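Enquirer: There's a structure below that I have some questions on.
The values are calculated or read from the model by the stated rules, or taken from the named source; none is laboratory data. None of the values given here were measured: they were computed from a predicted structure. Positions of Cβ are backbone-derived with ideal geometry, glycine not excepted, and every protein chain shown enters the neighbour counts.
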Amino acid sequence: MSFFADDATAFPAGQPFISGKQQLRAHYAKMFAAPDFQISWKPVKGDVAASGDLGLHDRRG
């Protein structure tokens with residue numbers, strides 16, 4: 001969780017937004033504990049804001 005900002009927010013499909021490290025930790029712990037859990041993605045494009053303080057990528061997967 002060290003790579004998340006204190007005010008990080010996730011946008012899980014079909015669910016309300018999840019904000020804050022503790023809420024994210026609980027959400028991801030539940031996901032990772034599922035016996036059939038799988039994750040994969042393929043970055044197709046990356047970009048950095050002109051300010052240099054924000055990076056993002058477009059993914060498919």
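Enquirer: Give me a count of the residues in region 50-61 that are farther than 18 Å from PHE3 by Cα and at pLDDT below 90.
Expert: Total satisfying the criteria: 4.
Enquirer: When residues of region 18-34 are filtered for being loosely packed, with under 10 Cβ neighbours inside 10 Å and in contact with a strand residue (DSSP E or B) (Cβ under 7 Å, 6 or more places away or on another chain), how many remain?
Expert: Going through region 18-34 one residue at a time, the tally reaches 0.
Enquirer: Okay, moving on. Determine which single condition LYS45 fails, assuming it passes every other condition in (1) assigned to a loop (DSSP other than H, G, I, E, B); (2) of a type outside the set (A, V, I, L, M, F, W, C); (3) loosely packed, with under 10 Cβ neighbours inside 10 Å.
Expert: Every condition holds for LYS45 apart from (1).
Enquirer: List pairs: first in region 35-47 and under 20 Å from HIS57 (Cβ atoms), second in a loop (DSSP other than H, G, I, E, B), Cβ under 8 Å, 6+ apart or cross-chain?
Expert: Between residues of region 35-47 that are under 20 Å from HIS57 (Cβ atoms) and residues that are in a loop (DSSP other than H, G, I, E, B), the close pairs are SER40/GLY61; TRP41/GLY61; LYS42/GLY61.
Enquirer: Could you check, for region 4-17, whether at least one of its residues is part of a strand (DSSP E or B), surrounded by 10 or more Cβ atoms within 10 Å (Cβ to Cβ) and among the polar types (S, T, N, Q)?
Expert: Yes, some residue in region 4-17 is part of a strand (DSSP E or B), surrounded by 10 or more Cβ atoms within 10 Å (Cβ to Cβ) and among the polar types (S, T, N, Q).
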